[in-house]
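Data first, discussion second: the structure below is written as structure tokens.
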Ligand code: FAD
Ligand code: DLZ
Ligand code: SF4
């Protein structure tokens, strides 16, 4: 059988069993195509990082003796479409069998199902051998029960014996979150970003020559993201040995001085499969023993990878089709233009947007409790926001971005993923960051010229959506407070909120 094996741009897993031995009957193909660069407006660093990682991977395969066809973005015979390029190769090379690893995105999965069904040759879709769980494992686990990350996480801890001793969680508890989540006031000193930037000027030039639309082009030729396994492991090891110790304490903190604080910066490497989640978990356990790291930090970090990441993927495969349209609150406002420039007077939003636009990165709380928080309070159309998140972040692939944006951040699925909306007034942002100091708006004021928009919008959001939210037990205190508010105060808040909502572009 003369076999063609397709490797997608987010399937750069050199540990895959395909590569255990050189198979003279197998030809690997990788392709840089407009169908993938153009399905959303991407940050320039994301396109470059993916192409650079793909190119590096193909060279590595060649060095190992595998036969590889690499279709570059500027190749004359590139038809810029997976199906068209495959059809041409199958005919040209007299291929008798096609293989691919299961794609992680519904759109691409459907495309290949259709393509393979119509092929005159046989085809097989194999496991990408990357994730800890199967696509439907979370759905099987929950059945008809309410989805809850914590219970899936405990099941996985048990199943894979992670941080377990005699079938009990080490330290006597599953979760040490109470010891985590402190604000950061400059101490301990946050590590310098030790990542070396690598030059991709030539690649950037060929991308530009193709007139591929992108944004965030300022540092496009020189990016800090790991584009091969060696760089990814270096990044991971640096985090485990020097940074993880503070991860738990400060994972929700935000700062103008140190935007990245104590985060791992490994999501791109994980999502294009340069490193695997199980090896991250195992290396974390080893580092914990070597350095006697605090269990709260170690458990908190492992929960992100073993818990959240796998849970989110399971959720995606159960709900991907419906997620494309969900809009629980019927929010219809347009994404303000300043999402593309960062030019807003709200200092917190400005810092988080500028950081995202410049670096294709923001950490979880910046994405959730500043940008997403504002969008939900302002009633932004959720799919517009999803397109923005999908394009801007270096780690954004639909299977992980979409449930996080539409489910966790925008509650657009009506609370199937999150148990209550992640919204806050200025109080939380001020507690967890240094953004409010020097802001054009006053964090303490709800009504008036300089009142922080988060304050009136927060209460207005809950008042506007009382019919949908007031029966949620987790929100009983919020609705008790609203019931106690004098009618004139409620009216003044609604007026202030409406003033802001009518003027989003100028906030
Ligand atoms: P750290 O904070 O150091 O965490 C370590 C790892 O844990 C991450 O690399 C990631 O693999 C995993 N992780 C943590 N939280 C989550 C989560 N909620 N879902 C899945 N994995 C998680 N993550 C993506 O990988 N791609 C996305 O497109 C993406 N979009 C998001 C959109 C919104 C609105 C929100 C609120 C979160 C999103 N996340 C996404 C989750 C999270 O913000 C990023 O994984 C994280 O910021 C990546 O940076 P890091 O590697 O420094 O992570
Ligand atoms: C995101 C992306 C981009 C920008 N370009 C390519 C590409 O040219 N070729 C490719 O194979 N993959 C690319 N990707 C990643 C794919 O979009 C990803 O493989 C699918 O979304 C499946 O998860
Ligand atoms: Fe953000 Fe309000 Fe604080 Fe300004 S005052 S930084 S808008 S929370």
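Rule-based calculations on the coordinates, nothing more; no lab input. On a predicted model such as this, the values are computed, not experimentally measured, just so you know. Glycine also receives a Cβ, built like all others from the backbone with ideal geometry; neighbour counts cover every protein chain displayed.
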Computed P(r) (all Cα pairs; the range 48-197; 10 Å bins; percent)
7, 21, 25, 21, 18, 7, 1
Expressed in µm² per second, the diffusion coefficient of the range 200-274 from the Stokes-Einstein equation, with Rh the Kirkwood radius over alpha carbon pairs, at 37 °C and 0.692 mPa s, is 225 µm²/s
antiparallel share of DSSP beta bridges within the chain, to nearest 5, in %, is 15 percent
So for the range 147-277, using the alpha carbon gyration tensor with a ≥ b ≥ c as root eigenvalues (a/c under 1.5 gives rounded; past that, a/b versus b/c decides prolate or oblate), I'd call it prolate
Compute the distance in nm between two label points, each set 7 Å from the Cα along the Cα-to-Cβ direction, one at residue 198 and one at residue 125.
3.1 nm
Under 20 Å from the residue 289 label point (7 Å along Cα→beta-carbon), backbone N, the range 154-185
157-173
Where the eigenvalues come from the Cα gyration tensor of the range 330-411, what are the semi-axes √(5λ) of the equivalent ellipsoid, largest first, in whole Å?
17, 16, 11
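So how much slack lies between residue 242 and residue 22, counting 0.36 nm per residue of separation and subtracting their Cα-Cα distance, in nm?
In short, 75.4 nm is gained.
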Going by average Cβ neighbours within 10 Å, how do the peptides 85-91, 242-248 rank, with the highest at the top?
242-248, 85-91
Segment residue 219-residue 470, extension gain: residue separation times 0.36 nm, minus the distance between their alpha carbons
85.7 nm
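Per-residue counts of other Cβ atoms within 10 Å, averaged by peptide: what ranking do you get for 273-283, 173-183, 483-493, 402-412, highest first?
402-412, 273-283, 173-183, 483-493
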Based on the alpha-carbon gyration tensor of the range 226-333 and its eigenvalue square roots a ≥ b ≥ c, which shape applies: rounded if a/c is under 1.5, prolate if not and a/b is larger than b/c, or oblate?
prolate
Once every DSSP H run of n ≥ 4 in the chain is given -39500 (n - 2.57) and the sum is divided by its residues, what mean residue ellipticity at 222 nm do you get, rounded to the nearest 500 deg cm²/dmol?
-12500 deg cm²/dmol
Pairs of alpha-carbon atoms within less than 8 angstrom and 6+ residues apart define the contacts here; what relative contact order does the chain have, in percent?
16 percent
Kirkwood Rh over alpha-carbon pairs of the chain plugged into Stokes-Einstein at 20 °C, 1.002 mPa s gives a D in µm²/s of 88 µm²/s
